[in-house]
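Taken together, the values in this text are just the output of simple stated rules run on the coordinates, not laboratory data. Predicted model only: the values in this text are computed from it and were never measured. A quick note on method: Cβ atoms are made from the backbone with ideal geometry, for glycine too, and the neighbour counts reach across all protein chains shown.
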Amino acid sequence: MALIYILDDEAGGQTLQIRGDLHKYLIKVRRHKEGDELSFRARQNIEVLHNYKLERVEARSAELSLISSKTEEVKSKKSLHIGWCVIDSNSIEKVLPSLCEIGVEKISFITCDRSQKNFKLDFKRFDRIQEAAMQQCGRSTYIEFDTYKNTKEFIDKFPHTNVFDFCEHSLQDYSDIKTVLIGCEGGFSSKERELLSPLKRFRLDTPMVLRSESAVLAVASKIVL
């Protein structure tokens, strides 16, 4: 898949030099040539889109000159905050690019009663994964990550959360949902269900049991897209 823009911390200068893997990708894989125009963003000022012209291509490097810079933020029109009970990091990493493309704004990882306690979340790695997705889909905002020690702590902070759960209510209108809580494998414990009982609960209209990561993707798509 082609890159909509390229993240480079030197972007914004009058000239830009590219080398190494990026040079190989742009020149040998994507076959860009002198005269082509490419878009860049810098992490420290990511809302600004810089357009460059490829001026000179050499065997191991290339030089580009700045054409224009303009503020052009690309993000979802709808805000969604997901409270996600912690599952295997490998499963999170597999769906994270899709959640980035869908437009999820924030993910809070919660240590629920049925979460395995040995899973370690590497937010720096998550950022690298979403950066790759951002460059491919054009998004210019990062998903925000944070953590909560338990379900109660999360609900106390976000009392208007909607809960995805096994229940009778199949939701038809998702337009009012701003925050949604999704359990881990095995769902919520009886203690957690008691805590969550005053909140609005819903399910998807399917007879199949979804894995936690499948539920996150499906619910996010319903709400945001």
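Applied to segment 159-171, the Karplus parametrisation 6.51 cos²θ - 1.76 cosθ + 1.60 on θ = phi - 60° returns per-residue 3J(HN,Hα) values of x, 9, 5, 9, 10, 7, 7, 6, 7, 7, 8, 8, 6 Hz, with x for Gly and Pro.
Between 0 and 90 degrees, rounded to the nearest ten: what's the tilt of helix 212-224 against the longest Cα principal axis of the chain? The helix 212-224 is inclined about 70 degrees to the chain. With only the Cα atoms considered, segment 81-224 has a convex hull volume of 109 Å³ per residue.
Checking every one of the trypsin sites (Lys or Arg not before Pro) in segment 136-225 against DSSP loop status and a limit of 10 other Cβ atoms within 10 Å picks out Lys149. Here segment 167-187 is scanned for amide nitrogen atoms under 11 Å from the site 7 Å beyond the Cα of Ser79 along Cα-to-Cβ, giving 178-179. Can you work out D for segment 147-203 in µm² s⁻¹ from Stokes-Einstein, where Rh is the Kirkwood radius over C-alpha pairs, the temperature is 25 °C and the viscosity is 0.890 mPa s? Using the Kirkwood radius from Cα pairs, D works out to 207 µm²/s.
Our coupling estimate for segment 88-104, obtained by passing each phi through the Karplus curve with A = 6.51, B = -1.76, C = 1.60 and θ = phi - 60°, is 4, 4, 4, 5, 4, 5, 5, 9, 4, x, 5, 5, 5, 5, 5, x, 4 Hz, Gly and Pro reported as x.
Computed about the Cα centre, the dipole magnitude for segment 6-71 is approximately 260 debye when only Lys and Arg (+1) and Asp and Glu (-1) carry charge, each at its Cβ. In this structure, the amide hydrogen of Glu72, modeled 1.01 Å from its nitrogen in the peptide plane, lies closer than 5 angstrom to those of Val48, Leu49, counting only residues at least 5 positions away or on a different chain. Modelled spin labels at Leu22 and Val209, positioned 7 Å past Cα toward Cβ, are 4.8 nm from each other. Note on segment 6-71: percent of Cα-Cα distances in each 10 Å bin, starting at 0 and stopping at the bin with the largest distance, equals 24, 57, 20, 0. Relative contact order, whole percent, for segment 81-224 stands at 32, derived from Cα pairs under 8 Å and 6 or more residues apart. Applying a 4.7 Å Cβ-Cβ cutoff to the chain, the cysteines left without a disulfide-compatible partner are Cys100, Cys137, Cys167.
Projected label points at Ser68 and Asp122, each 7 Å from Cα along the beta carbon direction, are separated by 4.0 nanometres. Here each label is just a point 7 Å from Cα along the line to Cβ, and for Lys152 and Asp173 those points are 3.5 nm apart.
One quarter of the surface of the convex hull around the alpha-carbon atoms of segment 68-162 equals 7.1 nm², the direction-averaged projected area.
Computed from the Kirkwood radius of its Cα pairs, the Stokes-Einstein diffusion coefficient for segment 1-146 at 20 °C and 1.002 mPa s stands at 127 µm²/s. Can you bin segment 106-152 into rounded, prolate or oblate? Criterion: square roots of the alpha carbon gyration tensor eigenvalues sorted a ≥ b ≥ c, rounded for a/c under 1.5, prolate for a/b above b/c, oblate for the rest. Prolate is the answer for segment 106-152, as a/c is 1.5 or above and a/b outweighs b/c. Remark: segment 132-141, residue by residue, has Karplus-estimated 3J(HN,Hα) of 4, 5, 4, 5, 7, 9, x, 4, 10, 10 Hz, where x stands for each Gly or Pro and the curve is 6.51 cos²θ - 1.76 cosθ + 1.60 at θ = phi - 60°. Fully extending the segment from Gln44 to Glu185 would add 47.0 nm, taking 0.36 nm per residue of separation and subtracting the current Cα-Cα distance.
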